[in-house]
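Read through the structure below, which is laid out as structure tokens, and then see the notes.
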Amino acid sequence: MTGVEIKAALDGAPEFVAYAVEHLTLNLGETHPTVVVGRRIMASLDAIPDGAVLVTEETLAAAIHRAWPYRRNTATGLVLSAASILAALRAEP
């Protein structure tokens, strides 16, 4: 699976989280830690830019193989390369 848009992958999740937070707010109150975290999750989901794409080690490895289809690219080597790239992207500058 490649080129999966995040909005498609999360289909229905923002609505579910909003419903759950609304329900929890009525039962637990605005300041309950679970409600606060739920609101943070809602904000994070809203902050995903349009056109964002879901990238995993497997999809990145497949993309690397398409770009450089050499025999020496073993499945394990590709996944390790992809994992290294994702780790570098997550690291603080």
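Every read-out reported here was derived from the displayed coordinates using simple, explicitly stated rules and does not represent laboratory data. On a predicted model such as this, the values are computed, not experimentally measured, just so you know. Positions of Cβ are generated from backbone atoms using ideal geometry, with glycine treated the same way; all protein chains shown enter the neighbour counts.
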I'd like to verify a number: residues in region 41-71 that are surrounded by 11 or more Cβ atoms within 10 Å (Cβ to Cβ) and in a helix (DSSP H, G or I), how many? 13
Which residues, taken from region 28-53, are of a type in the set (S, T, N, Q) and under 20 Å from ALA9 (Cα atoms)? SER44
